[in-house]
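The values are calculated or read from the model by the stated rules, or taken from the named source; none is laboratory data. Remember, it's a predicted structure, so these values are computed and weren't measured experimentally. Note that we place each Cβ from the backbone using ideal geometry, even for glycine, and neighbour counts take in every protein chain shown. For the accessible areas, the whole protein counts, side chains as well, though only heavy atoms, and no ligand, DNA or RNA atoms are used. Shrake-Rupley method; radii C 1.70, N 1.55, O 1.52, S 1.80 Å.
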Amino acid sequence: MDNNQTIEKLKTMRLNDMAQLHHSHIKNNTMTSFTIDEYIGLLTDHEYENRQNRKIERLIKQAEFRQSASMPDVNYTQNRDLDKNMFTRLGTLDFILKKQNVILTGSSGVGKSYLAQALGYQACLMDYKVLYYNTANLFNLLKISKLDGTYLREMKKILKSDLLILDDFGLQPFDNQSREALLDIVDQR
């Protein structure tokens, strides 16, 4: 079989990373250093890893985090009064599987938003769909969506997420529409 045909068939089947690696090995004549099983495994692993990486990138982008935060970068200094064991346990994300809520509390400026986003980022790395919202902005978005007829679509997006992060919750009073939207979210989730 012609290698160009193989590469084109791989591309047609949307196995582009596999096709690219195969083309590279043909061009560099490095295929002979592998057994057939090793070579197929190498191509398959390359395609799988690249797809997983793109999926994680997409999940992080869709979450719309305000800042880049991650579990390894969390600072556990004394003035934060953050229990490392507790936060590490939260990082396992068991609360998502158990469908439990997590409320992060503390003084202004201690990094609650950062911690929430670090948990969200961790969830993206573990293939969970995450949405991050400033609470006031979310309810403004839902008010507008009721007016333009996209409310059900916005709610569906919220309900499909595995982890919903509502930042700055309760900083502004809720009006009737916001309370109704919150009740819809809580009731359906």
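Side notes on the structure shown:
- For the stretch 76-94, the set of residues classified as loosely packed, with under 10 Cβ neighbours inside 10 Å and either in a loop (DSSP other than H, G, I, E, B) or touching a Cys at 6+ places or on another chain (Cβ under 7 Å) (or both) consists of Thr77 only.
- Evaluation of Lys55 against the conditions (1) touching a helix residue (DSSP H, G or I) at 6+ places or on another chain (Cβ under 6 Å); (2) in contact (Cβ under 8 Å) with a residue 40 or more places away in the chain; (3) assigned to a helix (DSSP H, G or I) shows that the sole unmet condition is (1).
- Tally, over the stretch 17-42, of residues that are surrounded by 13 or more Cβ atoms within 10 Å (Cβ to Cβ) and in a loop (DSSP other than H, G, I, E, B): 1
- Of all residues assigned to the stretch 64-71, at least one qualifies as being open to solvent by 100 Å² or more (accessible area, probe 1.4 Å), closer than 30 Å to Asp187 by Cβ and touching a helix residue (DSSP H, G or I) at 6+ places or on another chain (Cβ under 9 Å).
For (1) of a type in the set (Val, Ile, Thr); (2) open to solvent by 50 Å² or more (accessible area, probe 1.4 Å); (3) more than 18 Å from Gln67 (Cα to Cα), each residue gets a yes or a no:
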site	(1), (2), (3)
Asn134	no, no, no
Asn137	no, yes, no
Lys143	no, yes, yes
Lys146	no, yes, yes
Arg153	no, yes, yes
Ser161	no, no, yes
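- Residue within the stretch 168-175 that is open to solvent by 100 Å² or more (accessible area, probe 1.4 Å) and under 15 Å from Val102 (Cβ atoms) present: yes
- Filter pass, Asp167 being closer than 17 Å to Lys112 by Cβ, within 21 Å of the chain's Cα centre (by Cα) and of a type in the set (Asp, Glu): yes
- Scanning the stretch 159-189 for residues that are within 14 Å of Val130 (Cα to Cα) and assigned to a loop (DSSP other than H, G, I, E, B) gives Ser161, Asp162, Arg189.
- Selection over the stretch 107-132 of residues that are open to solvent by 30 Å² or more (accessible area, probe 1.4 Å), touching a helix residue (DSSP H, G or I) at 6+ places or on another chain (Cβ under 8 Å) and in a helix (DSSP H, G or I) gives a count of 3.
- Residues satisfying the stated conditions in the stretch 95-106, i.e. more than 19 Å from the chain's Cα centre (by Cα) and surrounded by 10 or more Cβ atoms within 10 Å (Cβ to Cβ): Leu104, Gly106
- When Lys143, Lys129, Lys98 are screened for being closer than 22 Å to Lys61 by Cα and not aliphatic (A, V, I, L, M), only Lys129 passes.
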